[in-house]
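Visitor: Okay, handing you the structure first.
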Amino acid sequence: MKRVTVVLVHWNQPLRCVRSIEAFLAQDVPVELVVVDNGSEAALLDRLQDEIRAREWTVRVLPQGHNSGFGPAANAGFRWWLGHGDGDWVALAPHDALPEPGTLATLVAAAEAQPHAGLACADVGDGETPVVDPYFGGMTKPAEVGEGWEPADYPHGTLLIARRQCLVDIGLFDERFFAYCEEADLGLRAKKAGWEVGLVRGARVHNPTMRSGSPAVDYLMHRNTLLLVREHSGSYHAFIRFNIAGWQLLRGMAQPSSRAWLFSSTGRALGMLDFLRGRYGPPPSLLLASADLGDAPALDARHDRADAEQVPS
């Protein structure tokens, strides 16, 4: 099997990133590691580079100098690969993704067996498949396949692979999203361009340090879901989604027992307001103090499904 370039997005977690690098280097397919550092503190970036040198690994580190968000950082790695890397496939994961032995080879082989596969993701073991609802955006549904390729609307970002020609055809992540929902947008664009998107059952990856979120995460999820719905379903669907979000916000403030697993009245309200303003990119600075966006790609599907289950009948 040809070499696969693996892009890891890192932010302030050097030892977790080292474990992830180890897991990818242990895969039974040759890999080229590219770590995109998303504005880590200087001491933590130095620690990561020291750990890499101490192990004598050949790992390319691309410092961004600031936290540009998961999608923009991933794009930096993708651009390097498109311009300098080889092979037909690039893999993307956050700094704490831990693929099981054989996962990368299984993932690539299953995708190559599909004539028009452009994007695919590994199996996180939750028995769910990523789908996009025209009103609620990225969600999941129960799996219909026990092993191998299963069609999906988008690849989750815990570990995804992209075919070179697919990225050339459709472009990279939409950087307005910053973090959350960018995979859903990419998947829908790929499908509209005629590419297949899927999840490979049995190609397991773990994300052991996934966190529960923050006001900044709730902000990004609501703002970006509205953007995703408007871009792919139209203004009417976005209007309905906005009103449902407003109802959920008011109900959650008045009745705490009705809140979804992730709820921040400030984050949600600002996210909805900034959608109306057309303000995208990073969250407002007042929300960043409590933000922890290092594990962003692993959270969005669970959040949207939790909200969808609270829609009034």
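The values are calculated or read from the model by the stated rules, or taken from the named source; none is laboratory data. It should be emphasised that the depicted structure is a prediction, and the values quoted were computed from it without experimental measurement. Glycine also receives a Cβ, built like all others from the backbone with ideal geometry; neighbour counts cover every protein chain displayed.
Visitor: Right, LEU249: over 18 Å from the mean Cα position of the chain (by Cα), touching a residue at least 24 places away in the same chain (Cβ under 8 Å), under 24 Å from LEU286 (Cβ atoms) and assigned to a helix (DSSP H, G or I) or not? Step through it out loud before you land on a result.
Guide: Details: over 18 Å from the mean Cα position of the chain (by Cα): yes; touching a residue at least 24 places away in the same chain (Cβ under 8 Å): no; under 24 Å from LEU286 (Cβ atoms): yes; assigned to a helix (DSSP H, G or I): yes.
Here the answer is no, as LEU249 does not meet what is asked.
Visitor: Looking only at residues that are in a loop (DSSP other than H, G, I, E, B) and either assigned by TED's automatic domain parsing to the domain that holds PRO142 or within 18 Å of the chain's Cα centre (by Cα) (or both) in the stretch 196-246, which one is modelled with the lowest pLDDT?
Guide: Going through the stretch 196-246, the residues in a loop (DSSP other than H, G, I, E, B) turn out to be 207-214, 234.
Pick out the ones that are also either assigned by TED's automatic domain parsing to the domain that holds PRO142 or within 18 Å of the chain's Cα centre (by Cα) (or both) and you get 207-214.
Values: ASN207: 88, PRO208: 78, THR209: 68, MET210: 58, ARG211: 56, SER212: 52, GLY213: 62, SER214: 84.
Among them, the one singled out is SER212.
Visitor: Next question. Could you please give the count of residues in the stretch 257-313 that are of a type in the set (Ser, Thr, Tyr), modelled with pLDDT under 85 and within 15 Å of ALA245 (Cβ to Cβ)? If you could, list the steps in order and put the result at the bottom.
Guide: Narrowing the stretch 257-313 to residues of a type in the set (Ser, Thr, Tyr): 257-258, 264-266, 280, 285, 290, 313.
Now restrict to residues that are modelled with pLDDT under 85: 290, 313.
This time we only want the ones that are within 15 Å of ALA245 (Cβ to Cβ), so: none.
Looking only at that region, the number is 0.
Visitor: Limited to the stretch 116-153, what total is found for residues that are touching a residue at least 24 places away in the same chain (Cβ under 8 Å), assigned to a loop (DSSP other than H, G, I, E, B) and surrounded by fewer than 19 Cβ atoms within 10 Å (Cβ to Cβ)? Don't jump to the end; show me each part of the working.
Guide: Within the stretch 116-153, the subset touching a residue at least 24 places away in the same chain (Cβ under 8 Å) is 116-125, 128-130, 132-140, 143, 145-153.
Among the residues that remain, those that are also assigned to a loop (DSSP other than H, G, I, E, B) are: 116, 124-125, 134-136, 143, 145-147, 152-153.
Subsequent filtering for residues that are surrounded by fewer than 19 Cβ atoms within 10 Å (Cβ to Cβ) retains 116, 125, 134-135, 143, 145-147.
Going through the stretch 116-153 one residue at a time, the tally reaches 8.
Visitor: Within the stretch 140-163, track down each residue that is of a type in the set (A, V, I, L, M), at pLDDT 95 or above and more than 11 Å from LEU119 (Cβ to Cβ). Break it down stepwise before answering.
Guide: Keep residues of the stretch 140-163 that are of a type in the set (A, V, I, L, M), which gives 143, 145, 152, 159-162.
Next, from what is left, pick out any that are at pLDDT 95 or above: 143, 152, 159-162.
Matches in the stretch 140-163: ALA143, LEU159.
Visitor: In this structure, is GLU128 in the same structural domain as ARG19 (by TED's automatic domain parsing), touching a His at 6+ places or on another chain (Cβ under 8 Å) and of a type in the set (D, E, K, R)?
Guide: Values: in the same structural domain as ARG19 (by TED's automatic domain parsing): yes; touching a His at 6+ places or on another chain (Cβ under 8 Å): no; of a type in the set (D, E, K, R): yes.
So GLU128 does not fit the description; no.
Visitor: Have a look at GLY87, GLY118 and point out the one that is modelled with pLDDT under 95, in contact with a helix residue (DSSP H, G or I) (Cβ under 8 Å, 6 or more places away or on another chain) and either closer than 23 Å to ARG189 by Cβ or not assigned by TED's automatic domain parsing to the domain that holds LEU44 (or both). Walk me through it before giving the result.
Guide: On the way: GLY118 fails: modelled with pLDDT under 95.
On inspection, the qualifying residue turns out to be GLY87.
Visitor: Next up: List, please: which pairs have Cβ atoms under 8 Å, are six or more places apart or on different chains, and start with a residue in the stretch 28-39 that is closer than 16 Å to ARG16 by Cβ and in the same structural domain as ASN67 (by TED's automatic domain parsing) and end with one that is among the charged types (D, E, K, R) and at pLDDT 95 or above?
Guide: Listed by first residue and then by second, the contacts come to LEU33/ARG60; VAL35/ARG60.
Visitor: Identify all residues within the stretch 154-188 that are crowded, with 22+ Cβ neighbours inside 10 Å, free of Cβ contacts under 8 Å to residues at least 60 places away in the same chain and not aromatic (Phe, Trp, Tyr); write none if there are none.
Guide: If the condition is that a residue be crowded, with 22+ Cβ neighbours inside 10 Å, free of Cβ contacts under 8 Å to residues at least 60 places away in the same chain and not aromatic (Phe, Trp, Tyr), then PRO155, CYS166, ASP185 are the ones that fit.
Visitor: Looking at the stretch 1-112, what helices (runs of 4 or more DSSP H) fall wholly within it and have at least 3 residues that are within 20 Å of the chain's Cα centre (by Cα) and buried (at least 20 other Cβ atoms within 10 Å of the Cβ)? Let's see the steps before the verdict.
Guide: Values: elements: 14-25, 42-54, 70-84, 103-112.
Result: 14-25, 70-84, 103-112.
Visitor: Residue by residue through the stretch 199-210, note down the ones that are surrounded by 21 or more Cβ atoms within 10 Å (Cβ to Cβ) and out of contact with any helix residue (DSSP H, G or I) (no Cβ under 7 Å at 6 or more places or on another chain).
Guide: LEU199, ARG201
Visitor: To continue, here is another question. Would you tally the residues in the stretch 269-281 being buried (at least 20 other Cβ atoms within 10 Å of the Cβ) and more than 20 Å from TYR236 (Cα to Cα)?
Guide: The number of residues fulfilling the criteria is 1.
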